[in-house]
Every structure is written in structure tokens, then in C-alpha cells.
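Trainee: Here it is, the structure, as C-alpha cells.
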Amino acid sequence: MTEERVGPVTDRAPSGTTRIVALSDLHLDTPFAWAPIEVGRLRRQDLRQSLSATLTLATSVGADAVVLAGDIYEHERITPDTAAFLRRVFDEVDPLPILVAPGNHDWFGRSSVWSTTDWSPNVKVFDSRGLVPFSLRDGFTIWGAAHHGPANTPGFLDEFSVDRDGVHLGLFHGSERAGLQLEGSDKEPHAPFEAAAVAASGLHHAIVGHFHRRREATDHTYPGNPSVLAFGEPGDGGAVVVDMDSTGSVTRRWVSVSKRSVGDVEIDVTGCLDRDELLSRVEVGLLDSSGLVRLTLTGELSPDIELVDAEVEQLGTGRLDHLVVRRSKLSVAYDLEALREEATVRGQFIRNVVNDVSLDEATRQRIITTGLRALDGRRDLDVA
Ligand SMILES: [Mn+2]
């Protein structure tokens, strides 16, 4: 669920403080393969809107710069229209500096949009593999770098140290090592770094992209993805207003730049006696939801109920932008002890599955449920 976590930022940065608005992992033009075509289109439009809202925010809070920490778009997917959109919205906030550190999805290369677009003069794309300085103002330096390919980028803080006085902010796309577990094991260690290396290098703070979960660490910040790309993502990211004082310490405020909510709802259907009762329970359970919703049915479904996903999905029509129904946590309340005693095909089926030692318990339950539904002549089966 993406929501407003702070009120509008109405104050101005105190004098001597530099105000940065940070964003990462927008993934413009991501395909949303899980979604129907029209929902995918809607979400891609939402992503653009998140960027526009970020730039509006930056202007209204008097930011000194916008920093983009990578994966703003996807190299394989970005359309000429999206490139033109980027060019236009960046141009519209000129002379507000926009600093870009390309990530593993929007890596910098000769053919990349970061490289081929004729950006307005306020746009600075870091194109070097090593961190290089950009002097935002006297005594305030932003160090940025780029991924040059979709994988195998070494850590940006390896063998790096600042070489001048003042306040130093790092900007790159990479994996803080301790955070890898939090993101799940399928995240490859792109440009890994140790949290302690930020201070050790002489940087006061680093704005880092790649992890979709927001993180407010002592000396680094992951904005998190501002607009979720799939159900199950934490959805706690956004644009971050970072105020950095003359000693290099930071104050951070996350601001939601996503208009449409994306959420998970679980509804227990245990005890529903027929389909109508179940559908009303779901309808009531969805009353507080809006936007895109993944509904997970849980509990025990009465064997008498014939449940078709399309009927449940219709409950969202007109009120929600999209409703996905998931029944993987739903079991059917068969009386297996009684059924396995039956001298029937059904009884034999249960005995065979129960006695098959090659099956793990989850598979066994799924086969039994699916098989019994099939033997009952139901067509509302999950694909096993
Ligand atoms: Mn990434």
C-alpha cells in the first residue's frame, strides 16, 4: 500500500542546508506481465505520473537538485515516446539540476536513451564507471557514476575516496550487502558495497537505488520504488526530501508520489454455506479498498460451493481499477478420513495419494483438492 507518510513539505530548507529530492527504481515502460493489457497500460501511465509528481514536489519545496539513483526506465523496453516524455519533463523544470546515476536496468551505453537524448542543460547524466564529482554549489559535491551494462558492475565504493573539502553526497545504484537478504535471494549483487564504506570513503551520505524497499540507514538512503511493480512489493518507497546541513548530517522525509493504491486483501471464507454468502462476504471485505487489489481467499471452502474466479473478480467492476483473485491459500473442507474409507473411485484416489511417499505435504493437499473437485465434476479448478 502506498500512502502519504508525511504531510506536505511546506517549509524551506534552513540556510546553509542543501535540499535534494531523491527518486529511484521507477522502471518506466516495465511490461507488467502479470496484468491484463489495459491494466499494464494504466500502470505505465502511473509511473510517468509519479515522475511528474516528483518534479512538481521538487519545485514546490525549493529543492536545490533532483537526484535519480538508477532504474528510471528499462533499457530493453523504453519507447521513443517515453524518452521524449523524459526530455520534456526535465526541460520543464530547467534550471533545476537533475542528476542521474544510471542503474542496471537503465545502464549507460552508446545506444542508451541516457546517451542519445538531447537533454536540456539542467540534466547531468553521470556516464563514468567510477564516481566523479559534480559541484552543485561551493562546498557541496555530488559524486555519481553509472552502470555500463545489465550485470557484473563492481562496487562503486571499492577503492574510492573523496579528494576535497566540503560536504559530499554519493549517488549510485548498488546493493548494500546486509540488505540483500531483505530483498530476497533472487536479487543479484549488482555493484555491492558495505554500509561502512560510505563514511570510510569520505562521503557524508549516499543516495542509492536498486532495492525496492525504502531504507533510512545512518549514512545511506534507499528511496524505494515509488510505484509498486508487482503485488507483494512493500510499496513503502517514494520521493525523499533530503535536507543536508553544513556538517553533512541529513533529515529525510518520504513523500508519496503515487496516486493509485495497490494492495493485498485477505478474506477468510470459512463457514460460508453457499456461493452467494461467500460473494457477499468478499464484497463487504473489499469495501475499504481502491485501486489495484490482489484478493487472497483463505480458510476452508465448503465442498458444496462452486466458485468461479470471474464471478469474484466482477465484484470489483466499477469500484476498483483491477481485482486479481488468488486462491492458493484456500483449502476445501473435505472429510478425508471418511472419504478414504469409501469403496469408490474417490476412496481409491485418496488412498493412492496418501500412500505416495514421493509427494511432499503441500503437493499432496493440492492433488487431493484438485482431484476431488474434478471427481465432483467441478470446473473451478486451480491449475495444479
Ligand atoms: Mn536495479
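FYI, it's all coordinate maths here, none of it is from the lab. Note that this is a predicted model, so its numbers are computed, not measured. No Cβ is skipped: glycine too gets one built from the backbone with ideal geometry, and neighbour counts run over all protein chains shown.
Trainee: Which is farthest toward the positive dipole end of the stretch 262-375 among G316, G371, I305, measuring Cα position about the Cα centre, with Cβ charges +1 (Lys, Arg) and -1 (Asp, Glu)?
Mentor: G371
Trainee: For the stretch 1-140, with equal point scatterers placed on the C-alpha atoms only and solvent neglected, what are the log10 I(q)/I(0) values from the Debye formula at q = 0.13, 0.19 1/Å, to two decimals?
Mentor: -0.61, -1.22
Trainee: Also, quick follow-up: Explain nothing, just the number: relative contact order of the chain, from Cα pairs under 8 Å at least 6 residues apart, as a whole percent.
Mentor: 15
Trainee: Dipole magnitude of the stretch 277-384 about its Cα centre, charges +1 at Lys/Arg Cβ and -1 at Asp/Glu Cβ only, in debye to the nearest 20?
Mentor: On the way: 14 positive and 20 negative charges, 57 e Å.
Dipole about the Cα centre, nearest 20: 280 debye.
Trainee: Tell me the mean residue ellipticity at 222 nm calculated for the chain from its helices only (DSSP H runs of n ≥ 4, each -39500 (n - 2.57), averaged over every residue, nearest 500).
Mentor: Numbers: 10 runs with 96 residues, N = 384.
After summing the helix terms and dividing by residue count, I get -7000 deg cm²/dmol.
Trainee: Also, quick follow-up: Report ³J(HN,Hα) in whole Hz for each residue of the stretch 320-334, in order, from the Karplus equation J = 6.51 cos²θ - 1.76 cosθ + 1.60 where θ = phi - 60°; Gly and Pro get x.
Mentor: Here the 3J(HN,Hα) series is 10, 6, 6, 10, 10, 9, 10, 10, 5, 9, 9, 10, 9, 7, 6 Hz.
Trainee: Run the numbers for Q365 and R129: contour at 0.36 nm per residue of separation, minus the present Cα-Cα distance, in nm.
Mentor: Net length gain for the segment: 79.8 nm.
Trainee: Rounded to whole Hz and in sequence order, give me ³J(HN,Hα) for the stretch 132-143 from the Karplus expression 6.51 cos²θ - 1.76 cosθ + 1.60, θ = phi - 60°, writing x for Gly and Pro.
Mentor: Once θ is set to phi - 60°, the couplings for the stretch 132-143 become 10, x, 10, 8, 6, 7, 4, x, 10, 10, 10, 9 Hz.
Trainee: Based on the alpha carbon coordinates of the chain, what radius of gyration and maximum Cα-Cα distance (Dmax) apply, in Å?
Mentor: Rg, Dmax (Cα atoms, Å): 25.6, 87.
Trainee: Here's another thing I want to ask about it. What distance in nm separates the two pseudo spin-label positions at V354 and E233, each 7 Å out from Cα along the beta-carbon direction?
Mentor: 4.6
Trainee: Sorting F211, F90 on the 10 Å Cβ count, fewest up front, what's the list?
Mentor: F90, F211
Trainee: Tell me the relative contact order for the stretch 262-375 as a rounded percent, counting alpha carbon contacts under 8 Å between residues six or more apart.
Mentor: With pairs under 8 Å counted, the relative contact order is 23 percent.
Trainee: Of H147, H173, H190, how do they rank once you tally other Cβ atoms within 10 Å and put the fewest first?
Mentor: H190, H147, H173
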